[in-house]
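Single-structure report; data block below.
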Amino acid sequence: MSDKKYLALIMVGAPGSGKGTHSADIVEKYKLAHISTGDMLRENVAAKTKFGEMANEYMQKGQLVPDDVIISMVLERLQKEDCEAGCILDGFPRTVEQATALDKALNEQGKPITSVVNLIVEREEILKRLLLRGRDDDNEETINKRLDVFHAQTSPVIEYYEKQSKVINIVAEGDADHMRGIVLSALAKNIGE
Ligand code: ADP
């Protein structure tokens, strides 16, 4: 439909803050392409590609996969047709360098980031959730490392988008069902629906 609003959203938050869950809700409502860098990396790991093997070494240590490879992976993905009507980036950008590269590419296409949804959850609640989730990289050691990486490298990304007045801050301590309506209405309000 021609009056459909173009949306390029970013979902940001600590590991276990609900990025994947709430991205899925937003995707369903607005029919956006869902770009989850964690899922893309895990697909490569499962397919045992060379890239997957390299990435997995970082993932298992709770470290970030190097910027240059992640940036090329995402920029390539954004070229696909399903991104024309809009997208949600889940787990990217995670560093200011990634954010700068993303902004440059999207601004050149005249399709800048619309809004950044920031899910705020206390460390204690995060630890509880991740230990329950029990993904391959969800053990106490990597969780602590990933949280440190989040504070050191990803918090500056939130500040970076605060300067562009694009951040929607949401305290996301409640369970997923409770948070669902809150996240969708905060976003709707932000994009002027
Ligand atoms: P979580 O947010 O729970 O840590 P993700 O699925 O988003 O889970 O990420 C899992 C791992 O994948 C990260 O710990 C990191 O190693 C890697 N990763 C995902 N996205 C990025 C990114 N944008 N830049 C660098 N590494 C990433």
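Where a number appears in this text, it was derived from the coordinates with a stated rule and is not lab data. Note that this is a predicted model, so its numbers are computed, not measured. Using ideal geometry, Cβ is built from the backbone for each residue, glycine included, and neighbour counts are taken over all protein chains shown.
In this label model, GLU108 and MET54 are separated by 2.1 nm, measuring between points 7 Å along each Cα→Cβ vector. For the chain, the alpha carbon positions stretch 47, 37, 30 Å along the principal axes, listed from largest to smallest. Distance between the modelled labels on GLU193 and ARG180, one decimal in nanometres: 1.4 nm (7 Å Cα→Cβ projection). Arranged from fewest to most other beta-carbon atoms within 10 Å of their beta carbon, VAL12, VAL45, VAL74 become VAL45, VAL74, VAL12.
Normalised by 2.2 N^0.38 Å, with N the number of residues, the alpha-carbon radius of gyration of segment 1-80 equals 1.24. Within a straight-line Cα-Cα reach of under 28 Å, LYS80 can be paired with the following lysines, leaving aside sequence neighbours fewer than 8 residues apart in one chain: LYS4, LYS5, LYS19, LYS29, LYS31, LYS48, LYS50, LYS104, LYS111, LYS166. Each of LEU130, LEU147 has some number of other Cβ atoms within 10 Å of its Cβ, and from fewest to most they run LEU147, LEU130. Once the C-beta distance of LYS163 and ILE120 is scaled by a Förster radius of 22 Å, the resulting FRET efficiency is 0.75 to the nearest 0.05.
Size descriptors for segment 28-122, from the alpha-carbon set: Rg then Dmax equal 13.9, 38 Å.
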